[in-house]
Amino acid sequence: MNSKIKLLAIGIVIGVIGWGGFNWSLALTNTEEFCISCHEMEANVYKELQETVHWSNRTGVRATCPDCHVPKDWMHKVVRKIKASKELYHKMLGTIDTPEKFDEYRLTMAMSEWKRMKETDSRECRNCHNFASMNLDKQEERSAERHEPHLWEVTDGKEPSRTCIDCHKGIAHTLPQGWEEAVDNDPLLKVELTKEEKEALAE
Amino acid sequence: MRKSNLGTAIILSVLLSVFVTSAYAVGSLRGEYDLDKESKTFEKKKQIKNKGFDRNYTLQPPLIPHSIEKDKVTLKGNTCMKCHSAKNFQKEKAPKAGDSHYLDRDGKVLSKISSRRYFCMQCHVPQLDAQPLVDNNF
């Protein structure tokens, strides 16, 4: 009996340490410092981010790498982390270790990230950006005009005809050469016009 | 003896005047403001954003009535073409880049913007609510 309690206590302690350690290392790899500790990220995408609104803006709120590139909830985060082990492999191969190589590979990398965003209905954008809190009166006229139909789709509970990434490509990093053709030729990424938009175009 | 004195005086005064004028010409960026005085306040100018500017003269390249902060024209890409290209302008409800922008030097029609017209901001510019420093009689 006594030994059983001892075993349980040891089990609990090991469990707490193991689980805590796992979560701790998960959190550690989920910081911007960790991302830019590789020169591939620091010299290319991190520099590009610094020229965008997600780095510098009116209110001083900014996004770090994992805010957009790693899901927030545990399940999806772990899946993404496992998939990201591929990046370690390519780091060892040196697939993108010069700016020239990075640019050569940029379209492939961007396409895979766009697909991830599209498949999850731009889940990571929506961690911060929420249609329910989006005040179109405070937006610039052009932005408000474009957002309005989609805001109503959400308000009316209709199937959304667009997701954030459909229009907002290249907002945080430089667009790859030939991205437009690549997106149009990709069955998943291609943006189909809605019936209303087609009618408006025909007029 | 006297003559040479006069000569030296003339040379000295010429040198001195050259010195003084050149000292003025250098001037500091602060202008006439002393270091211990308060400097001029910075007047922030805002960009004019509207539905579009009228042309001031025929063949004027249309002015840009929206922010271009996020737009980049580089060797690898031109983000203006996201909206203003022949392919996208209808969908984006944006003015199309002129037909002349799709011609090469032999007059052949191109499917993409001509490299001669690639650098949009060379001719098309945004406007600030600033008054010109020098009068313009054009």
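Values for this structure:
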{"read-out": "A:Arg146 being within 11 Å of chain B (Cβ to nearest Cβ) and more than 30 Å from A:Pro66 (Cβ to Cβ)", "value": "no"}
{"read-out": "Cβ pairs under 6 Å, 6+ apart, first in the stretch B:54-78 and under 23 Å from A:Glu140 (Cβ atoms), second of a type in the set (Val, Ile, Thr) and modelled with pLDDT of 90 or more", "value": "B:Asp71/B:Thr79; B:Lys72/B:Thr79"}
{"read-out": "Scan of the stretch A:82-105 for residues that are touching a helix residue (DSSP H, G or I) at 6+ places or on another chain (Cβ under 8 Å) and over 23 Å from A:His54 (Cα atoms), ordered by number", "value": "A:Lys91, A:Gly94, A:Thr95, A:Ile96, A:Asp97"}
{"read-out": "Scan of the stretch A:50-72 for residues that are under 13 Å from the mean Cα position of the chain (by Cα) and of a type outside the set (Lys, Arg), ordered by number", "value": "A:His54, A:Ala63, A:Thr64, A:Cys65, A:Pro66, A:Asp67, A:Cys68, A:His69, A:Val70, A:Pro71"}
{"read-out": "Test: A:His173 is surrounded by 12 or more Cβ atoms within 10 Å (Cβ to Cβ), within 12 Å of another protein chain (Cβ to nearest Cβ) and within 24 Å of A:Lys77 (Cβ to Cβ)", "value": "yes"}
{"read-out": "Single condition B:Ser111 does not satisfy, out of (1) surrounded by 10 or more Cβ atoms within 10 Å (Cβ to Cβ); (2) under 28 Å from A:Thr174 (Cα atoms); (3) not hydrophobic (A, V, I, L, M, F, W, C)", "value": "(1)"}
{"read-out": "Count - residues of the stretch B:100-121 that are of a type in the set (Ser, Thr, Tyr) and not in a loop (DSSP other than H, G, I, E, B)", "value": "3"}
{"read-out": "Helices (runs of 4 or more DSSP H) enclosed by the stretch A:92-203 - at least 2 residues per element that are in contact (Cβ under 8 Å) with a residue 24 or more places away in the chain and over 25 Å from A:Val45 (Cα atoms)", "value": "A:141-155"}
{"read-out": "Residues of the stretch B:41-99 classified as away from every other protein chain (no Cβ under 11 Å), assigned to a loop (DSSP other than H, G, I, E, B) and at negative phi, total", "value": "24"}
{"read-out": "Residue list for the stretch A:147-203, restricted to those being more than 23 Å from A:Glu124 (Cβ to Cβ) and of a type in the set (Ser, Thr, Tyr)", "value": "A:Thr194"}
{"read-out": "Which listed residue, of A:Thr59, A:Thr52, is outside any helix (DSSP H, G or I), among the hydroxyl-bearing types (Ser, Thr, Tyr) and loosely packed, with under 11 Cβ neighbours inside 10 Å", "value": "A:Thr59"}
{"read-out": "Any chance A:Lys72 is assigned to a loop (DSSP other than H, G, I, E, B), in contact (Cβ under 8 Å) with a residue 24 or more places away in the chain and within 25 Å of A:Trp24 (Cβ to Cβ)", "value": "yes"}
{"read-out": "Residue match in the stretch A:183-194 (condition: over 24 Å from A:Glu87 (Cα atoms), in contact with a Ser or Thr (Cβ under 9 Å, 6 or more places away or on another chain), more than 12 Å from chain B (Cβ to nearest Cβ) and surrounded by 12 or more Cβ atoms within 10 Å (Cβ to Cβ))", "value": "no"}
{"read-out": "Test: B:Tyr102 is farther than 29 Å from B:Lys44 by Cα, hydroxyl-bearing (Ser, Thr, Tyr) and at pLDDT 90 or above", "value": "yes"}
{"read-out": "Residues that are touching a residue at least 60 places away in the same chain (Cβ under 8 Å), within 24 Å of A:Lys91 (Cβ to Cβ) and aliphatic (A, V, I, L, M), drawn from the stretch A:19-62", "value": "A:Val45, A:Leu49"}
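The values are calculated or read from the model by the stated rules, or taken from the named source; none is laboratory data. As the structure is a prediction and not an experimental result, all values here were calculated from the model. Every residue, glycine as well, gets a Cβ built from its backbone with ideal geometry; the counts of neighbours run over all protein chains shown.
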